[in-house]
Amino acid sequence: MAESTVKIRVELDQEQIEALEGLAKAAARITRAMNPPAETATLEVPRDASAQERKNCRRRAAFDAINSERDYQDERWGGGHDREHSPAEWILYMEDYLAQARSIAATTPYGKLQVMHAIRKVAALAVAAMEVNGSPKR
């Protein structure tokens, strides 16, 4: 069925405008309550840390998250069957999670935490693919 769009011009008085603005604010509050801003891990970096030390700390936190996801994946699915998957299959798995992340990012205000969960899963799937198919270095 083809969709059509109809434009209607409506004149509102000030009271109606204020009521609509109130509804919009209430909807925004509900959306924020349902999708809180992303939680970020507290990184303990000394005040006198260099830019490189800060970068390394953030990278360690990212790798720790990926490692914990890999552990979860192995517990959930078992690691033995990983060797059965070709690189193309791993790409399909990753694309599925990326599509979910893209959908959340496009449709869910304050969905950053959900998107980052999906990205962590994709990164861990990439690691799993490299574990069984090789890890070429740059």
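Which numbered condition in (1) surrounded by 14 or more Cβ atoms within 10 Å (Cβ to Cβ); (2) of a type outside the set (Val, Ile, Thr); (3) at pLDDT below 95; (4) closer than 23 Å to residue 63 by Cβ is the only one that residue 111 fails?
Status for residue 111: all satisfied but (4).
Could you run through region 68-102 and say how many residues are among the hydroxyl-bearing types (Ser, Thr, Tyr) and crowded, with 16+ Cβ neighbours inside 10 Å?
First pass over region 68-102, keeping only residues among the hydroxyl-bearing types (Ser, Thr, Tyr): 68, 72, 86, 93, 97.
With the extra rule that they be crowded, with 16+ Cβ neighbours inside 10 Å, the set shrinks to 93, 97.
The qualifying residues number 2.
Listed here are the residues, each with its yes/no results for (1) in contact with a Leu (Cβ under 6 Å, 6 or more places away or on another chain); (2) in a loop (DSSP other than H, G, I, E, B); (3) among the aromatic types (Phe, Trp, Tyr).
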site: 88; (1), (2), (3): no, no, no
site: 93; (1), (2), (3): yes, no, yes
site: 110; (1), (2), (3): no, yes, yes
site: 116; (1), (2), (3): no, no, no
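Tell me which residues, restricted to region 58-108, are in contact with a helix residue (DSSP H, G or I) (Cβ under 9 Å, 6 or more places away or on another chain) and polar (S, T, N, Q).
The answer is 67, 68, 73, 86, 100, 108.
So residue 138 ticks every box in (1) assigned to a helix (DSSP H, G or I); (2) without any contact (Cβ under 8 Å) to a residue 12 or more places away in the chain but one. Which box is left unticked?
With respect to (1) assigned to a helix (DSSP H, G or I); (2) without any contact (Cβ under 8 Å) to a residue 12 or more places away in the chain, residue 138 is out only on (1).
Could you list, ordered by first residue, the pairs with Cβ atoms under 6 Å in which the first is in region 69-95 and among the hydroxyl-bearing types (Ser, Thr, Tyr) and the second is surrounded by 11 or more Cβ atoms within 10 Å (Cβ to Cβ), at least 6 apart or interchain?
These pairs meet every condition: 93/125.
Please pick out the residue among 76, 102, 58 that is under 30 Å from residue 27 (Cα atoms) and part of a helix (DSSP H, G or I). Spell out how you get there, then give the answer.
Details: 76 fails: under 30 Å from residue 27 (Cα atoms); 58 fails: under 30 Å from residue 27 (Cα atoms).
Answer to the check: 102.
Residue check, residue 138 against (1) farther than 20 Å from residue 70 by Cα; (2) basic (Lys, Arg); (3) surrounded by 14 or more Cβ atoms within 10 Å (Cβ to Cβ), all met but one. Which one?
(3)
The values are calculated or read from the model by the stated rules, or taken from the named source; none is laboratory data. All values reported here derive from a predicted model rather than from experimental measurement. Don't worry about glycine lacking a Cβ; one is built from the backbone with ideal geometry, like all the others, and counts go over all protein chains shown.
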